[in-house]
1. Filter segment 56-74 for residues that are aliphatic (A, V, I, L, M) and either within 16 Å of the ligand (Cβ to nearest atom) or under 23 Å from the mean Cα position of the chain (by Cα) (or both) and give the result.
2. Quick one: which helices (runs of 4 or more DSSP H) lie wholly within segment 237-331 and hold at least 1 residues that are over 26 Å from Ser61 (Cα atoms), in the same structural domain as Ile99 (by TED's automatic domain parsing) and modelled with pLDDT of 95 or more?
3. From the list Lys230, Lys282, pick out the single residue that is in contact (Cβ under 8 Å) with a residue 60 or more places away in the chain and touching a strand residue (DSSP E or B) at 6+ places or on another chain (Cβ under 7 Å).
4. What number of residues within segment 226-251 satisfy the criterion of being of a type in the set (A, V, I, L, M, F, W, C), within 16 Å of the ligand (Cβ to nearest atom) and surrounded by fewer than 20 Cβ atoms within 10 Å (Cβ to Cβ)?
5. Return the total of residues in segment 90-120 being in a helix (DSSP H, G or I), more than 12 Å from the ligand (Cβ to nearest atom) and not basic (Lys, Arg).
6. If you scan segment 126-179, which residues turn out to be in a helix (DSSP H, G or I) and of a type in the set (Gly, Ala, Ser)?
7. Can you confirm whether segment 176-193 contains a residue that is surrounded by 12 or more Cβ atoms within 10 Å (Cβ to Cβ) and over 21 Å from Gly241 (Cα atoms)?
Amino acid sequence: HVSAGLVGLPNVGKSTTFNVLCSQNVAAENFPFCTIDPSTARVKVPDERFDMLCNKYQPASKVPAWLTVVDIAGLVKGAHAGEGLGNAFLSHIRATDAIFHVVRVFEEKDTGVTHTEGACDPMRDLDIIRAELRFKDMDAINNKIPDMQKEIKRDPKNKKAAESLATLETTLEWLKAGKDVRFAVNHYKWGYKEIDVLNELMLLTAKPAMYLVNMSEPDFLRQKNKFLGKVKAYVDEHCPGEALIPYSAEFEAKLAAMEDEGAREALLVEHKVRSQLPKVVKTGYHLLRLIHFFTAGADEVKCWTIRDPCKAPGAAGTIHTDFERGFIMAEVMHFDDWKEAGSEAQCKATGKYMQKGKEYIVEDGDICYFKFNV
Ligand code: GDP
């Protein structure tokens, strides 16, 4: 399951956002959800291609993509060193695939909601949270380095260990310079070799992130907030390419609590705004470099989520670890080819039904069948 953790300082609107994402009243049909436990819920991710495949195959079972959202409490300044709930938050963040930063841009004077760090300053808040995550990553790397050194001492010819150590040391310096690991990959033009070393550590700042900028209701309704431009500039500078979505948790909660669908629509029309929640889920899911492949047949059409890039055996492994271990080949149709051909048989007839080996990098929308040894 793909999951995103909501992080942020206390009182920025994490729980409100989480509750609203799980709310029954949010146009349930178009926006199904399911609560797993008090801090974990899953939300369906809309996908047209999935709907088309279901129409064609009329399968007995339809399994869409879900995004699991986790409300992560306990991140405060100094958390890495045991402040507040200390490291309790850590295992929860480690287990998620992506991070949604909830960024508070509503002020105490307008809302009466206290800010634990004093005045409203979203850039400072982002600095605090991002630093906490980096500290944990430095710890993880500092713990790993001696293992590598020992291994090299034992076997000085172990080239792989030497390369791993170099990657770890470079990454540590990068973190010390105040930068998140995910941006090192592009900077150093790293490939699988280095990425594998880092993946093993499940580093927090390696996870893709996006920014949910939580405004007061009046600011959201007038689509204006004095911090918004600065937050955008901050993200562009420190986290280039990552998405930012302005919204108001309070307003979303108000919408969700409205029983009368007509009244809700009227309110939205009156203020010329939309609920931002579908956008949060969709953008969150797709901008996090997550892609889908499908398995499709009369029994089941199912949407599988992988992180781009992912080779065929890794994709097979999301279905079952045996598929990855015993991987022989993947039979693949690109979604657009399938759509154009109109059927699997027609794809086969026109050579668009391909056999791919273990180096194949699965594309978004591929329809796959895996062959494997047991
Ligand atoms: P968390 O500690 O980050 O989980 O924050 P909460 O969701 O518990 O919110 C803290 C307080 O801020 C609560 O009293 C919320 O009602 C309030 N709050 C959250 N979002 C908004 C918002 O968009 N506008 C206003 N005015 N208050 C908000």
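1. Those that are aliphatic (A, V, I, L, M) and either within 16 Å of the ligand (Cβ to nearest atom) or under 23 Å from the mean Cα position of the chain (by Cα) (or both): Val63, Ala65, Leu67, Val69, Val70, Ile72, Ala73.
2. Of the helices (runs of 4 or more DSSP H) lying wholly inside segment 237-331, those with at least 1 residues that are over 26 Å from Ser61 (Cα atoms), in the same structural domain as Ile99 (by TED's automatic domain parsing) and modelled with pLDDT of 95 or more span 249-257, 261-271.
3. Sole residue among the options that is in contact (Cβ under 8 Å) with a residue 60 or more places away in the chain and touching a strand residue (DSSP E or B) at 6+ places or on another chain (Cβ under 7 Å): Lys282.
4. Total satisfying the criteria: 3.
5. 4
6. Ala131, Ala140, Ala161, Ala162, Ser164, Ala166
7. Checked segment 176-193: no residue is surrounded by 12 or more Cβ atoms within 10 Å (Cβ to Cβ) and over 21 Å from Gly241 (Cα atoms).
The values are calculated or read from the model by the stated rules, or taken from the named source; none is laboratory data. These numbers were taken from a predicted model, which means no experiment stands behind them. So basically every Cβ, Gly included, is an ideal-geometry build from the backbone, and we count neighbours across all protein chains shown.
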